[in-house]
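The values are calculated or read from the model by the stated rules, or taken from the named source; none is laboratory data. Everything numeric here is computed off the predicted structure, so don't read it as measured data. When we count neighbours, we look across all protein chains shown, and the Cβ atoms used for this are built from the backbone with ideal geometry, even at glycine. What goes into the accessible areas is simple: the full protein's heavy atoms, side chains included, and nothing from ligands, DNA or RNA. Shrake-Rupley method; radii C 1.70, N 1.55, O 1.52, S 1.80 Å.
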Amino acid sequence: MIHAYAAKKAGEKLEPFEYDPGELGGDEVEIDVEYCGICHSDISMLENDWGMSEYPVVPGHEVVGKLAAVGSQVKTLSVGQRVGLGWFSGSCMHCEWCLSGDHNLCQTVEGTIVGRFGGFADKVRAKEAWVLPIPDGLDASKVGPMFCGGITVFNPIVQLNLKPTDRVGVIGIGGLGHMALQFLNAWGCEVTAFSSTPDKEAEAKKLGAHHFVNSRDEKALESVANSFDAIISTVNVDLDWDAYIAALRPKGRLHLVGAIPSPISSSIFPLLLGQKTISSSPVGSPITIQNMLEFASLHNIEPMVEMFPLEQVNEALDKLQNGSPRYRIVLKR
């Protein structure tokens, strides 16, 4: 039996929950969970914000732990190895997307907490391809958030083919943005942090920003017009997107990784005349996640986390929703 914490209905507190996972599949592994990050996506699934939750919901898709068992077909992982698991836990492995290395775009990709039980538990299962070894240079207690929040902001660096000479802005210095600053700085980019919280300026610069813009100051936004090759938005709120499009250089790109609530509204002529683009991306493929982990180990990059014991999962969720964690929360079993 697997022992977990689950919500039986939307809006309810998590309660102890156990289930029988059945026989381990040949291409599956079972992870003995040591740590699991909490993400806003966990809250969205708990509340059924996206209309795809199936109750009971066991959240948790930023898992770190050691392999307790491996299936008969598993070739690349072994029992006792420390690994991580993120938002996706399986894909078909034979479609054009999987075969080209874009497993995260597989049309039948399986979410770790969508239609299955996640990592707020003592054990969790996933397909071999989506379970990644953790480099020795990374702190196991902090690396969990990289498997969702980290790869969400690292993937655009790869997908947009950002160059070390590029000037890149990051909107929102929170759970995603604070990792984006570190990655982009280590990548070699000239980095600007956009935040509605002026008090974050010193911390943003410590994390890797070369410049800071108070996004509530219209004149400050106007002063950076025609400045950026790319701007990555990590926020989940509606903004004046035209102001950020104006901040792009010709051929610049506004790239959104935050799940904003409303359709995007923007004027066409600034896009048309500047050959600018609005785009988005999900978390990355297994190979991109592995590359991110190796890059983070090489450059000593890690998220800032606050720790809670797994038994205090409801208190931790409440802090994420109503408090101000700096910047990610991790549950320790």
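Scanning the range 1-26 for residues that are open to solvent by 20 Å² or more (accessible area, probe 1.4 Å) and among the aliphatic types (A, V, I, L, M) yields a count of 3.
Taking the criterion of being among the hydroxyl-bearing types (Ser, Thr, Tyr) and surrounded by 24 or more Cβ atoms within 10 Å (Cβ to Cβ), the only residue of the range 149-179 that qualifies is THR152.
The set of residues in the range 3-26 being in contact with a helix residue (DSSP H, G or I) (Cβ under 6 Å, 6 or more places away or on another chain) and assigned to a loop (DSSP other than H, G, I, E, B) consists of ALA10, LYS13, LEU14. Of the residues examined, ALA126 is one that is open to solvent by less than 50 Å² (accessible area, probe 1.4 Å), outside any helix (DSSP H, G or I) and either touching a residue at least 12 places away in the same chain (Cβ under 8 Å) or polar (S, T, N, Q) (or both). Selection of the range 46-91 for residues being in contact with a helix residue (DSSP H, G or I) (Cβ under 9 Å, 6 or more places away or on another chain), among the aliphatic types (A, V, I, L, M) and under 26 Å from ASP102 (Cα atoms) yields MET52, VAL63, VAL64, VAL70, VAL74, LEU77, LEU85.
When GLU306 is tested against (1) part of a loop (DSSP other than H, G, I, E, B); (2) open to solvent by less than 50 Å² (accessible area, probe 1.4 Å); (3) among the acidic types (Asp, Glu), just one condition goes unmet, and that condition is (1). Note on the range 261-320: residues that are of a type in the set (A, V, I, L, M, F, W, C) and out of contact with any strand residue (DSSP E or B) (no Cβ under 8 Å at 6 or more places or on another chain) total 10.
Could you please find all residues in the range 66-98 being in contact (Cβ under 8 Å) with a residue 40 or more places away in the chain and either surrounded by 20 or more Cβ atoms within 10 Å (Cβ to Cβ) or under 21 Å from VAL114 (Cβ atoms) (or both)? Hits for the range 66-98 are VAL70, VAL74, VAL83, GLY84, LEU85, GLY86, TRP87, PHE88, SER89, GLY90. Close contacts from the range 16-31, counting a first residue that is under 18 Å from LEU310 (Cβ atoms) and without any contact (Cβ under 8 Å) to a residue 24 or more places away in the chain and a second that is open to solvent by 30 Å² or more (accessible area, probe 1.4 Å) and part of a strand (DSSP E or B), with Cβ to Cβ under 6 Å and a gap of 6+ residues or different chains, come to GLU18/HIS3. The residue list VAL29, VAL33 contains one member that is open to solvent by less than 10 Å² (accessible area, probe 1.4 Å) and either in a loop (DSSP other than H, G, I, E, B) or under 24 Å from ARG328 (Cβ atoms) (or both), which is VAL33. Set side by side, the residues SER297, SER279 differ, and just one is touching a Gly at 6+ places or on another chain (Cβ under 9 Å), open to solvent by less than 80 Å² (accessible area, probe 1.4 Å) and over 18 Å from SER41 (Cα atoms), which is SER297.
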